[in-house]
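Visitor: Sharing a structure, written as structure tokens. Questions coming.
The values are calculated or read from the model by the stated rules, or taken from the named source; none is laboratory data. What you see is a predicted model; the values in this text were computed from it and never measured. Cβ placement follows ideal geometry from the backbone for every residue including glycine, while neighbour counts extend to all protein chains displayed. Keep in mind that these areas ignore ligands, DNA and RNA; they rest on the heavy atoms of the full protein, side chains included. Shrake-Rupley method; radii C 1.70, N 1.55, O 1.52, S 1.80 Å.
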Amino acid sequence: DRQTLVAVLQFLRRSNLRESEEILRREARLLGDDLAGNVATVATSSPGVAAVAAVPPGKGEARGDSPSSRREPREAGSPCAARSLRGSPLCWDTRVGAVVVEDQPDVSAVLSAYNQQGDPTLYEEYYSGLKHFIECSLDCHRAELSQLFYPLFVHMYLELVYNQHESEAKSFFERFHGDQECYYQDDLRVLSSLTKKEHMKGNETMLDFRTSKFVLRISRDSYQLLKRHLQEKQNNQIWNIVQEHLYIDIFDGMPRSKQQIDAMVGSLAGEAKREANKAKVFFGLLKEPEFDVPLDDEDEEGENEEGKPKKKKPKKDNVGSKSKKQDPNAPPQNRIPLPELKDSDKLDKVMNMKEAARRVRLGPECLPSICFYTFLNAYQGLTAVDITDDSSMIVGGFADSTVRVWSVTPKKLRSVKTAADLSLIDKESDDVLERIMDEKTASELKILYGHSGPVYGTSFSPDRNYLLSCSEDGTVRLWSLQTFTCLVGYKGHNYPVWDTQFSPYGYYFVSGGHDRVARLWATDHYQPLRIFAGHLADVTCTRFHPNSNYIATGSADRTIRLWDVLNGNCVRIFTGHKGPIHSLAFSPNGRFLATGATDGRVLLWDIGHGLMVGELKGHTDTIYALRFSRDGEILASGSMDNTVRLWDAVKAFEDLETDDFTTATGHINLPENSQDLLLGTYMTKSTPVVHLHFTRRNLLLAAGAYSSQ
């Protein structure tokens with residue numbers, strides 16, 4: 001509005017920000033000093049001024065609150081679209097021509113936006129008036145406009161609390177909290193405990209809600225309808241909140257149906273802006289290095305014994321050089337530096353290819369066998385599991401702060417000999433790698449001590465030489481599987497670390513924790529290489545993309561973000577889950593992502609288009625494990641409801657409608673029923689499933705701890 005504009009112009013003039021002042025004048029089409037006269041009166045009376053004046057110097061531009069965004073919630077993509085506050089630490093603001101450092105906002109400055117002169121007794125009337133209007137509007141608009149209920153309810157309640165109208169706030173809450181969607185219940189529980197102004201200062205959830213604009217995606221027709229209603233009713237209190245705290249992402253075209261909206265909403269800050277999912281993502285796979293696959297003697301003997309002719313050789317050679325062509329969607333080979341292949345890695349790849357030649361082709365007619373590893377008498381409390389790529393070792397992280405490694409094959413776990421003994425070994429002998437192992441240390445189980453709190457995440461390195469574990473104590477530890485000792489403790493998180501994972505190429509790993517950020521590390525650096533900040537709550541799970549150029553993180557803010565390892569940017573934000581995310585899995589071809597959460601749903605995402613393409617319903621509790629089979633035909637999900645479910649991934653991803661219109665508006669059409677994708681449900685007696693793993697031949701391994709309840 002004009003008064004706010006005048007105040008902002010004055011503020012810019014006082015701060016000698018002439019250039020910004022000029023830009024704003026041009027933007028608002030106000031030329032000359034015709035506004036200077038009415039400044040004296042405005043400065044005292046305008047409610048909007050308090051917010052500007054309270055911002056410390058230098059933070060004026062950083063609030064993502066450019067005056068133009070006050071006047072009209074613009075469509076995404078317009079040059080002044082308001083930016084969310086938490087994002088990359090530095091961003092270049094072309095309008096002002098200055099580097100704006102986006103910092104954690106000053107608490108008092110953030111809250112001061114709630115200074116208002118609205119009559120507290122009328123809040124219920126305003127809200128019920130809007131509610132009546134929306135409920136009486138046409139069906140096609142009602143579904144879209146109903147999205148306003150929740151953010152308006154929260155902001156109006158907080159405004160009442162901040163201005164110390166406690167009894168009005170209580171009555172407002174009691175009258176309308178039952179109307180909100182069921183998936184906001186947990187947030188409302190937090191909100192109901194904020195009954196005094198003092199409570200608001202230290203509450204993180206509240207601050208997030210205040211500083212990140214709640215995003216609503218609404219068609220132009222519905223938006224015009226709302227705007228007209230609020231202007232006719234002169235309902236300034238609600239209009240101010242819409243402009244100040246909401247970001248309305250307007251699209252042209254048909255309004256979305258209730259089902260389409262329900263599929264996408266539910267996160268802490270509304271939906272993702274469409275702009276957030278526009279960046280190009282290189283989701284293709286990197287070209288495999290080429291080398292011949294020799295047939296070793298063992299294979300030849302084995303095949304002769306069986307009396308088969310040796311016709312397999314050419315086939316295996318093909319496997320070795322299967323991806324001669326570069327995938328058009330793959331990142332450049334040298335986009336991020338990846339470690340060189342060692343001889344042992346090449347040997348392992350050869351082994352992998354031989355196993356792949358004998359792999360079972362899965363499908364609806366040919367389901368995998370499932371081998372379940374049950375941890376019995378795990379009184380220490382099993383909190384994390386991982387299995388090596390070649391399925392030879394399994395590790396458990398426990399609540400008593402230990403990490404336990406088991407050998408799953410007849411081959412026992414052995415440590416390397418002591419330095420004195422190693423000096424006696426003939427280093428030229430063929431079996432030197434066998435000789436350096438100390439037979440006296442052979443055992444099925446090794447226990448690693450070092451953490452001082454429950455271990456929440458574990459991950460084997462691809463070459464099986466190292467193991468990562470992360471814990472409530474705020475550290476990530478790197479263990480040697482040669483000596484079974486701790487090599488490094490990485491300290492960066494100040495709070496519990498919920499998950500960690502090695503890159504598919506080794507060397508890099510990612511961790512995510514209660515401090516809401518994910519960190520990218522390299523094993524030989526004791527400080528993180530990248531910090532991925534943007535989530536509004538704990539980062540609960542982390543996953544590397546198969547090409548190692550991207551990392552997916554799932555969070556308790558009910559969103560999934562995809563980050564670019566090269567520059568640390570967030571390139572995708574996926575919303576749709578109604579509870580904290582606890583599992584992530586990329587399809588082997590890198591095109592799709594499956595995510596599981598406490599809401600018992602598995603959602604499927606097309607990474608290239610940034611769209612939800614499927615929803616698998618069936619589980620009745622949190623999904624802690626997701627894994628695609630080696631060729632991507634089957635998706636396995638494991639849950640706290642003691643079941644493993646198998647889904648037809650080929651069918652789920654075929655015939656996707658990813659035309660430009662769908663991408664532009666988010667009009668996704670999910671099939672009503674996901675039961676025809678469900679291939680099988682497998683119950684355990686009383687064992688929640690915490691981990692799933694497909695062996696190189698497509699046998700499915702599952703793991704969990706028996707619970708006697």
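Visitor: Kirkwood Rh over alpha-carbon pairs of the stretch 116-271, then Stokes-Einstein at 37 °C and 0.692 mPa s: what D in µm² s⁻¹, rounded to an integer? Write out the running numbers ahead of the final one.
Guide: Values: Rh = 16.0 Å.
Calculated translational D: 206 µm²/s.
Visitor: Which peptide among 632-645, 686-699 comes first, and what is the full order, when sorted by highest mean count of other Cβ atoms within 10 Å?
Guide: Details: 632-645: 22.9, 686-699: 19.9.
Packing proxy ranking, top to bottom: 632-645, 686-699.
Visitor: Work out the charge dipole of the stretch 204-290 with +1 on the Cβ of Lys and Arg and -1 on the Cβ of Asp and Glu about the Cα centre, then indicate which of GLY253, LEU230, PHE214 is farthest towards its positive end.
Guide: LEU230
Visitor: Oh, and also: On a 24 Å Cα-Cα criterion, which of the cross-link pairs LYS213/LYS258; LYS651/LYS685; LYS349/LYS411 come out too long? Can you show the working numbers first?
Guide: Working: LYS213/LYS258 22 Å; LYS651/LYS685 30 Å; LYS349/LYS411 20 Å.
The answer is LYS651/LYS685.
Visitor: Could you sort out which of LYS131/LYS227; LYS280/LYS354; LYS346/LYS427; LYS280/LYS578; LYS233/LYS578; LYS170/LYS201 sit more than 24 Å apart by Cα distance in this structure? Don't jump to the answer; show the numbers that get you there.
Guide: Working: LYS131/LYS227 14 Å; LYS280/LYS354 36 Å; LYS346/LYS427 21 Å; LYS280/LYS578 27 Å; LYS233/LYS578 34 Å; LYS170/LYS201 19 Å.
The pairs that break the limit, which is 24 Å between Cα atoms, are LYS280/LYS354; LYS280/LYS578; LYS233/LYS578.
Visitor: Averaged over all directions, how much area does the convex hull of the C-alpha atoms of the stretch 518-559 cover when projected, in nm²? Don't skip to the answer; put the middle values down first.
Guide: On the way: hull surface 13.3 nm².
Its Cα hull, projected and averaged over all orientations, spans 3.3 nm².
Visitor: Nearest 20 debye, what's the magnitude of the dipole of the stretch 116-271 about its Cα centre given +1 on Lys and Arg Cβ and -1 on Asp and Glu Cβ?
Guide: Details: 17 positive and 24 negative charges, 35 e Å.
Using Cβ point charges on Lys, Arg, Asp and Glu, the stretch 116-271 gives about 160 debye.
Visitor: Also, I was wondering about something else. Once neighbouring chains are kept in place and the probe is 1.4 Å, which whole percent of the accessible area of the stretch 424-475 is contributed by carbon and sulfur? Show your work: numbers first, answer last.
Guide: Numbers: 1400 of 2770 Å².
Answer for the stretch 424-475: carbon and sulfur cover 51 percent of the accessible area.
Visitor: Give the distance, in whole Å, between the Cα centre of the stretch 146-168 and the Cα centre of the stretch 416-433.
Guide: 72
Visitor: Quick one: accessible area per residue over the stretch 379-436, 1.4 Å probe, rounded to a whole number of Å²? Each step should come with its number before you reach the end.
Guide: Details: 3120 Å² over 58 residues.
Computed with neighbouring chains in place, this is 54 Å² per residue.
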